[in-house]
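Reviewing the structure listed below.
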Amino acid sequence: MIIRTIKKEDNLIVKKIIQESLESLNFAIEGTAYFDPQLGRLNEYYDNLDNAKYWVVELDNKIVGGIGIAPFDNEQGICELQKLYLIPEAQGLGISEKLMETALSFASTHYKSCYLETNHVLKVACILYEKFGFKLLNSPISGSGHFAMNAWYLKDLEVVNQ
């Protein structure tokens, strides 16, 4: 398994992984990542943000998923964990945990806390987030366009070198 920063040539592969994953869950709807305008150019999107990064994970020279960190509320020192998706064949192998560790390690060098939005239907994802110390909120933090989500989490980060 190799976890690395996304490259331009990875963009369409990652877009396909995200969209097919959302389609399989009947979440190919407005208010989800499915329609994010930057979805086909994630490397450029994350490269143009301060303190942001998107990683892909390869198994046997094939991209099987990814995860991102981007600023959410700079005044409050909050980043957002974004677009954690894996193809079905890569699920259940511990890859999500490795991606979470990579993303949260990066986030802790730039932010005080990490926010994410998901849906209660995604039970395995919610369990993963809680395992990593994310606490369920009663309502979203204002500023997101993903209005189809109904589960909002926040994690205080152990800040490194801030």
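The values are calculated or read from the model by the stated rules, or taken from the named source; none is laboratory data. For clarity, every value in this text was computed on a predicted model and none was experimentally measured. Here Cβ is always computed from backbone atoms with ideal geometry, including for glycine, and neighbour counts include all displayed protein chains. In case anyone asks, the SASA skips ligands and DNA or RNA and just uses the protein heavy atoms, side chains included. Shrake-Rupley method; radii C 1.70, N 1.55, O 1.52, S 1.80 Å.
For the reader, a short list of remarks on this structure follows.
- Fraction of accessible area attributable to carbon and sulfur, the chain (%, probe 1.4 Å): 49 percent
- In this calculation the C-beta distance from Glu20 to Ser139 is compared with R0 = 25 Å, giving a FRET efficiency of 0.25.
- Only Cα pairs under 8 Å and 6+ residues apart enter the sum, and on that basis the relative contact order of segment 56-116 stands at 35 percent.
- From the coordinates shown, log10 I(q)/I(0) by the Debye sum over Cα atoms at q = 0.12, 0.20 Å⁻¹ corresponds to which of (1) -0.47, -1.53; (2) -0.53, -1.56; (3) -0.62, -1.37: (1)
- Vicinal HN-Hα couplings computed from phi for segment 10-19 (Karplus, 6.51 cos²θ - 1.76 cosθ + 1.60; Hz; Gly/Pro x): 8, 3, 6, 5, 5, 4, 5, 4, 5, 5
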